[in-house]
Structure formats: C-alpha cells, structure tokens
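FYI, it's all coordinate maths here, none of it is from the lab. Note that this is a predicted model, so its numbers are computed, not measured. Glycine gets a Cβ as well: all are built from the backbone with ideal geometry, and neighbour counts include every protein chain shown.
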Amino acid sequence: MRLFDLKRSFRSPKKGTIKVLIPLMLLLFVMFSLPSFAQDATGAHTGTINDIAAATAGKPTLQEIGNATGHNQIAINIMWTLIAGFLVMFMQAGFAMVETGFTQKKNVAHTMAMNFMVYGIGMLGFWICGFAFMFGGGLNVASLGGAPGVVSSEFTVHLFGHDFGLWGKAGYFLNSKVYDVGVFTLFLFQMVFMDTTATIPTGGMAERWKFKSFIVFGFFISMFVYPIFGNWVWGGGWLSQLGVNFGLGHGHVDFAGSSVVHEVGGVAALAGALVIGPRIGKFGKDGTINTIPGHNIPMAVIGTFILAFGWFGFNPGSTLAGGDLRISVVAVNTMLASAAGAFAAALYMKAKTDKWDIGMMVNGMLAGLVAITAPCAFVNPLSAVIIGAIAGLLVIFASFFVERTLKIDDPVGAFAVHGANGLWGVLALGLFADGSYGDGWNGVPGTVKGLFYGDGKQFLAELIGGVTCFVFVFIVMYVFFKICAKTPIGLRSDAADEVAGLDIPEMGIHGYVD
C-alpha cells in the first residue's frame, strides 16, 4: 500500500483501515510481549561469574570466586551500616527542632546552638577516648570484615570466679593500630548514637544552662559516661556476659539502645534538671505549677517526623549487616510502636482533659520509638503495638510525676520520653522476646526469649541492666553537675539573663528578628 493510500485509510473508516490496523497492532503486541534476552528486569541474572572472569582477566579460580563473594558481602554490610549512620546523624536536626519548638521564643538561638554544637563536641570527645573505652575490647566485628590485624584489649577485674569487663583499651584517637575500614565504619555508626545521648539533656536543662558549662558536659558524657556503660552492654563488658557467667538468659540484651542510648541520656537529663533547678516562674511559692508553653508547635511536629524517619537508621541499622534480612521485621515493629505510642497518648489526654494534646501526641510517638529500640528485633508486631501503647501512657505518667511530685522542671519531657521509656524498652524485651531471633547472642546458644515465652532469667538480666544504668548514670552525672555548679564556670545562667532570654547574653543574636 502506498503512503498516500495509508493516510487516506486512516481518515475514512473503511475496510482498508482494518486491514492496516490489525497487522500493526499484532506487530506491536509481539514486540512488547516477547521476553528480551538482552535485559534483566528482575535482576536475577545480573552479576554472574562472567563479571568475576572479566575482573580477573580469564577463568576465575575458586579462591577468586570466594574472595569476590566475601568482599561483596562485607561491602554490602559496610554500605548499609554507613547509610544507616547517615540517617541517624540527620536525627540531630529533628532533636533541634523538637526541643526548640517546645521552648520559648527568647531562647531559640541558644537552644539551637546547643543542639548544633553537641554534634561536633561529642564527636571529638568520642574520637579522643570514648570510642576506645566503649569498643576497644571488641573491635573485631565480623559483619564489618573482622578488622584483620586489629588487636582488641579490654580492662577487666576478676570477681566471683569470672572476668568483668569494664572498659576498652584500644582505639584512642583512631590511631594507626586501628586504621581499618571496618573499625572506621563502626566508629561513624556508634558516634551518631552517642550524639543522640548527648543531646537529650539539652532539652531537659534548656533555657537556663550556661553554654560554657554545656561544652564541658559534652566532652564528659561523650568521653566517659556513655562509652563506659555502652562497653558493659555492646563492647563485651560485664552486663553482656551475665548469661555466659551466671546463666541469666543472653545477658543484658539491648538491640539498638533503649538503655545504652536513651536511658543514659534521659537519666543524665533528670540529674541535670534536678541540680540546675526550675526555670524562673515555673513553680509558685505555694508549689503551684505554671505552664510555660513552647513557642512553635509546627516546628516540634516536623522535628518529630524527622526523628521517626531517622529511627529507620537507628533500629534496622543496628544489625550492622545489610544481608541480615531481619531488618524488615525491625523496621515494621519500629513503625507500629511509634503509631501506638502516639495514639495511646492522644486518647488518654482526650479522656483526661477533653483536649487532643498535640504535645503529648509528639512525646507519645517518641516514647514508642524509644521503647521499641531494644526489643525491635526480637518481638512480633502485636507485641510491638503493646509495647508502644504502654510507652505512650508511661510518658504521660512519668511527665506528671517528675513535674508534680518531684517538682523538677523538664521543659521537653526528656526523662519521661527517654529515661523512663528507655528502661521500659529493655524490660519489654525481657517480657516479649519470642525466640524467633538472636541465636548465639552474647555468646549464648539459642535464640532470645522473654518471660512470656519461657525464660524468666532473661527478664532478670534486663532488669539488672536497666537498674544499673539508672544508678550509675544518675550518681555520676549528679556529682558532675554539682561540681560544675561550684566551679568558676558555673552551671546556671544569671537570673536577669534568663528572664530576658539567653539569645543575646550567650549567643549575641536573636533566634528571630521581629
């Protein structure tokens, strides 16, 4: 058919049109329906022995194939761990927004500055000795390559016929003896975890804390307090060995940091808020409680979503292995607990006050996230919802107790969110761990089971770890803040500066220019 006839057949719906369209449609169908052997839509045929052959310039040996497979496995784990660490680092923006939104307009620059500088200060302190104290006794992490040639060293004491690890002794300043890709991956991931701990007290002590005292605190908690307790749980220290030494389940298990990260930070915030005292005007002379509202609720809400997003690095990333497919269970449990926490807090406040309290919704979601952080890998979805819902209620009860009974001023509920629910998180693991994961955890054969699944000793190990965290951190940080208050540096800002706002006296600039 000539081109002219083809065009005319399309203009007039005659028999010629059908004669042309049918073969054309069949041709297109065949072209787009037949499988293409030049493409691999599923990825099942991409990455074969031919790629190794190309890299080795010939027929690869079994050793070359094995080396390539091992290299790729470790590369996947390192890449996954680094990306998860980047997500956790972004949580710092979330903390800054939540804490600043819940405080007063006159202290915006000061509160933001603390959340900003704790990142750099904490990192330097962790680099100097914190990382060494925490992981110096366990740097050979198999999932990150085993750090060949790196010699770990732990300071231990021998008691009751057993060795009790107290702190690590290798890795100061990331020196040449630990110049290793696996060690550096672990440093980045654990540094941003430490930074979460260090930033929690900036909310509990906000609006009356001297910045130079805050700087001293940043180095102290990143160099000593957080790393030492972290060593006891994650660095092979004595709490992790309660199972091996005393038959208490798998020892104190904390998958992603309910106790190591959040309880440490929350208890430090409680000790600091107790020593520094309440903000001017918070409590009347007769003990009445005066509400000091936050200045920007939208900022706090957006910050909470950033934190919830970053938590997908926090919890799933703690596998330290992209090939550990349990990450899907961890991620879903994390989501469910956060939703249950927010919803439970909203319902309770509506029933209690007849108002939908957005502030408590925010803290309820954060409480659910904190509580699920320890058990996220070991529980089923129903348990995750129960754990999150209890956390959403616990954060309210803890906030009321701290403010109304203890008369401690915690502007953002740092202890209620992180301290109380950090403790609840490890206890929840001891109750709800279902035995579907964790074989060989902390050197103990078998999976991790809680009290409700037949292992009451695991709950006892979680209780010992949680109580140890509270006692150790509270005593050390209370003494630290007391000493700071007595030194020329001081702890609390001048009363006149506090009333006027700390932005100009401390920062030299307003957070907002009206």
*At most 11 other Cβ atoms within 10 Å plus a DSSP loop assignment makes a site exposed; report the longest stretch of the chain without any exposed trypsin sites (Lys or Arg not before Pro).*
15-284
*Work out the P(r) tail for region 192-264: percent of alpha carbon pairs separated by more than 20 Å, whole number.*
39
*Amide H of Lys210: which non-local residues (sequence gap of 5 or more, or other chain) have their own amide H closer than 5 Å, using H built in the peptide plane?*
Arg492, Ser493
*Dividing the Cα radius of gyration by the Kirkwood radius, what Rg/Rh value follows for region 324-430?*
1.01
*How large is Rg/Rh for region 305-378, to two decimals, with Cα atoms and a Kirkwood Rh?*
1.09
*Rounded to the nearest Å, what's the spacing between the alpha carbon centres of region 203-264 and region 269-323? Just the number, please.*
18
*Excluding residues fewer than 8 places away in the same chain, name every one of the aspartates and glutamates whose C-alpha is closer than 13 Å to that of Lys59.*
Asp51
*asked:* Can you give the Rg/Rh ratio of region 379-431, where Rg is from the C-alpha atoms and Rh is the Kirkwood radius?
replied: 1.05
_Estimated Rh, the chain: Kirkwood, alpha-carbon pairs, angstrom_ = 25.0
*Out of Phe343, Gly422, Ala500, whose Cα points farthest toward the positive end of the dipole of the chain (charges: +1 Lys, Arg; -1 Asp, Glu; placed on Cβ)?*
Phe343
*Cα-Cα over 24 Å: which of Lys105/Lys282; Lys285/Lys352; Lys282/Lys355; Lys282/Lys352?*
Lys285/Lys352
*Does region 117-169 come out rounded, prolate or oblate, given a ≥ b ≥ c as the square roots of the eigenvalues of its C-alpha gyration tensor, rounded meaning a/c under 1.5 and, failing that, prolate meaning a/b above b/c?*
oblate
*Could you tell me, in Å, what Rg and Dmax come out for the Cα atoms of region 428-514?*
23.5, 63
